[in-house]
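Undergrad: Below you will find the structure I want to go over with you.
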């Protein structure tokens, strides 16, 4: 019997975190189950810091609130945790046994892990070490394996679409190429869907290495029809054929932790090259963290609530070591073993590896087919 559960939110924030927390908490309340939240994701699990959620004013009226009321952590990997010592030295240590003991001492029958690829890799590894975990797929990139959609994605696409709408008027007024760089490290779902919904002319995504001569030709064909402006949407992880994407070292990230590379900057490179190829003035807008924050869409509120309620339902059924998923319009679950793909080694590596089971845009996907059918140039022909 499940009597006491905990939630942790991990990774970059998304709109919908709080709606999932509410869905879990409300379902727990209806079944007289105590519900707690670890503070700041896996960092709170390491430090054994958590709060009671059911009956707590902090958890009231949160369905429309962005971010996470219990915080979230990035780059907090319990199997390779950064420890700063009093003498100023830094080591990376496996604190997973400490986490297991913390959960046992607290008496939690299940820990819900709200997060993406790396979060669910840790959830799988902790499950193998004795913690009952149930994952809920979160990321605006929409690239978690085994599910049709992640919570937070719809809101990000909506924000990107609004940005494209606004860029259209400037582009048309000044006869410019307007490039919008959106998130999407390995998967181009945001760029592709927002390009379709926003009426963009070109979409460059990580799955399809691009040659800007094709994009330039598409822009020139528009010019021949009297349209002296174009809208280009670029995923941050997009890269040219026989080339590399744009990355930079973000201040505060530690190369020793394997997290020193951050995607970004490809939009500016694309804008400059397209200006040289077409002679049209080009400008780049980087949407950045605007995609993550703020009020979730109605779709994400409902999806997140469904995910949360289903996750709690799975816990009451004793189904652990799984990810809550939406497949073909139906809520279900899959083993975390399937979610991590070939990235099986316990604790050694996290997400974002060559062996990770990331959900990518494929040539036979209806979204990609639609983009091609309506004439969006993908930079490959």
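The values are calculated or read from the model by the stated rules, or taken from the named source; none is laboratory data. Everything numeric here is computed off the predicted structure, so don't read it as measured data. Please note: Cβ atoms are built from the backbone with ideal geometry, for glycine as well, and neighbour counts cover all protein chains shown.
Undergrad: Please enumerate the residues belonging to region 146-163 that are under 30 Å from residue 231 (Cα atoms) and not in a helix (DSSP H, G or I).
TA: Going residue by residue through region 146-163, those that are under 30 Å from residue 231 (Cα atoms) are 148-163.
Residues satisfying the conditions are 148, 149, 150, 151, 152.
Undergrad: Considering only strands (runs of 3 or more DSSP E) fully contained in region 265-381, which possess at least 1 residues that are in the same structural domain as residue 66 (by TED's automatic domain parsing) and under 22 Å from the mean Cα position of the chain (by Cα)? Explain how you work it out, then say what you get.
TA: Numbers: elements: 282-286, 322-327, 330-335.
Counting at least 1 such residues, we get 322-327, 330-335.
Undergrad: Moving on to the next point. Scanning for something over 26 Å from the mean Cα position of the chain (by Cα) and surrounded by 17 or more Cβ atoms within 10 Å (Cβ to Cβ), does region 11-24 turn up at least one residue?
TA: Going through region 11-24, the residues over 26 Å from the mean Cα position of the chain (by Cα) turn out to be none.
No - not one qualifying residue is present in region 11-24.
Undergrad: Does residue 126 fit the bill of being crowded, with 24+ Cβ neighbours inside 10 Å and in a strand (DSSP E or B)?
TA: Numbers: crowded, with 24+ Cβ neighbours inside 10 Å: yes; in a strand (DSSP E or B): no.
When the stated conditions are applied, residue 126 does not pass them.
Undergrad: Scan region 164-191 for residues that are in a loop (DSSP other than H, G, I, E, B) and over 18 Å from the mean Cα position of the chain (by Cα) and jot them down.
TA: Correct list: 175, 176.
Undergrad: Could you say which residue among 353, 297, 362 is closer than 25 Å to residue 14 by Cα and free of Cβ contacts under 8 Å to residues at least 60 places away in the same chain? Before the answer, list the steps.
TA: Details: 297 fails: free of Cβ contacts under 8 Å to residues at least 60 places away in the same chain; 362 fails: free of Cβ contacts under 8 Å to residues at least 60 places away in the same chain.
Being closer than 25 Å to residue 14 by Cα and free of Cβ contacts under 8 Å to residues at least 60 places away in the same chain holds for just one of 353, 297, 362, which is 353.
Undergrad: Which of the residues that make up region 26-52 are out of contact with any helix residue (DSSP H, G or I) (no Cβ under 6 Å at 6 or more places or on another chain), within 18 Å of residue 120 (Cα to Cα) and either in contact (Cβ under 8 Å) with a residue 60 or more places away in the chain or not assigned by TED's automatic domain parsing to the domain that holds residue 99 (or both)?
TA: Within region 26-52, 41, 42 meet the criteria.
Undergrad: Being closer than 13 Å to residue 1 by Cα and touching a strand residue (DSSP E or B) at 6+ places or on another chain (Cβ under 8 Å) is the filter here; which residues of region 301-319 pass it? Reasoning before the result, please.
TA: Residues of region 301-319 closer than 13 Å to residue 1 by Cα: 312-319.
Result: 312, 314, 315, 319.
Undergrad: Scan region 65-76 and tell me whether some residue there is closer than 18 Å to residue 117 by Cα, surrounded by fewer than 21 Cβ atoms within 10 Å (Cβ to Cβ) and modelled with pLDDT under 95.
TA: Just the residues of region 65-76 that are closer than 18 Å to residue 117 by Cα, to begin with: 72-76.
The next check asks that each one be surrounded by fewer than 21 Cβ atoms within 10 Å (Cβ to Cβ); those that pass are 74-75.
Now drop any that are not modelled with pLDDT under 95, which leaves 74-75.
There is at least one residue in region 65-76 that is closer than 18 Å to residue 117 by Cα, surrounded by fewer than 21 Cβ atoms within 10 Å (Cβ to Cβ) and modelled with pLDDT under 95.
Undergrad: Here is a follow-up. Of (1) out of contact with any helix residue (DSSP H, G or I) (no Cβ under 9 Å at 6 or more places or on another chain); (2) surrounded by fewer than 20 Cβ atoms within 10 Å (Cβ to Cβ); (3) at pLDDT 95 or above, residue 83 satisfies all except one. Which?
TA: Just one mismatch for residue 83, condition (3).
Here is a yes/no grid of residues against (1) touching a helix residue (DSSP H, G or I) at 6+ places or on another chain (Cβ under 8 Å); (2) modelled with pLDDT under 95:
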| position | (1), (2) |
| --- | --- |
| 87 | no, yes |
| 92 | yes, yes |
| 103 | yes, no |
| 135 | yes, no |
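Undergrad: When residue 212 is evaluated against the numbered criteria (1) farther than 20 Å from residue 118 by Cα; (2) surrounded by fewer than 24 Cβ atoms within 10 Å (Cβ to Cβ); (3) within 24 Å of the chain's Cα centre (by Cα), which criterion, by number, is the only one it fails?
TA: Only one criterion in (1) farther than 20 Å from residue 118 by Cα; (2) surrounded by fewer than 24 Cβ atoms within 10 Å (Cβ to Cβ); (3) within 24 Å of the chain's Cα centre (by Cα) is unmet by residue 212, namely (3).
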